[in-house]
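Just so you know, all these numbers are worked out from the coordinates, no wet-lab data involved. Note that the structure is a prediction, hence the values are computed from the model and not measured. Reconstructed Cβ throughout: ideal geometry from the backbone, glycine too, with neighbour counts over all protein chains shown.
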Ligand SMILES: Cc1cc2nc3c(=O)[nH]c(=O)nc-3n(C[C@H](O)[C@H](O)[C@H](O)COP(=O)(O)O)c2cc1C
Ligand code: SF4
């Protein structure tokens, strides 16, 4: 282990935590609510203190927080957790949100409005890797069908209807 003394390009601070010799970023997928957002943020504070460079905010197991609200927003409650973390950690470590980002316009909305630093994409890119090109350049893409159980899950046959649709277009 060596001391990472590189300048952090995000907040320009000098990092002072330990990394492996070939230095790399350490990101942690952290609970956004457990059982409430304030407790989840306190847990994430410990990760950041320990040297985490980048927070990816997901859900938690217990939800007991009436302050989480995405009513009338284009994103869902899971993304709302990432946004809350970004409000707290913004400028210190980059924060990413996840869940339900299936339209390129939503990915752009979250970034362009400064709600988070990055977005994590799951099923959108499993359904069609061209989703990223659609975000950047409005390229055509096949939307995730939102299957009750994603076909790429463990033990599943990987028969993704979006992939079938893409192949049919070739
Ligand atoms: C096939 C599949 C496998 C996943 N595996 C993991 C995993 O190993 N660890 C994890 O934290 N989340 C995992 N997830 C959850 C995703 O990271 C993501 O949180 C979830 O799919 C919601 O985002 P989405 O709506 O963009 O798909 C998985 C999701 C899918 C569909
Ligand atoms: S299997 Fe269904 S839920 Fe999973 S990526 Fe394909 S279309 Fe989306």
Check: In region 28-48, what residues are over 15 Å from residue 92 (Cα atoms) and assigned to a helix (DSSP H, G or I)?
Finding: 37, 38, 39, 40, 43
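Let me confirm something: among 114, 82, 91, which residue is crowded, with 21+ Cβ neighbours inside 10 Å and within 22 Å of residue 40 (Cα to Cα)?
Working: 114 fails: crowded, with 21+ Cβ neighbours inside 10 Å; 91 fails: crowded, with 21+ Cβ neighbours inside 10 Å.
Just one listed residue meets the conditions, 82.
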Note to self: With the requirement that a residue be within 13 Å of ligand 1 (Cβ to nearest atom), part of a helix (DSSP H, G or I) and farther than 23 Å from residue 29 by Cβ, what does region 111-162 give you?
What the structure shows: 162
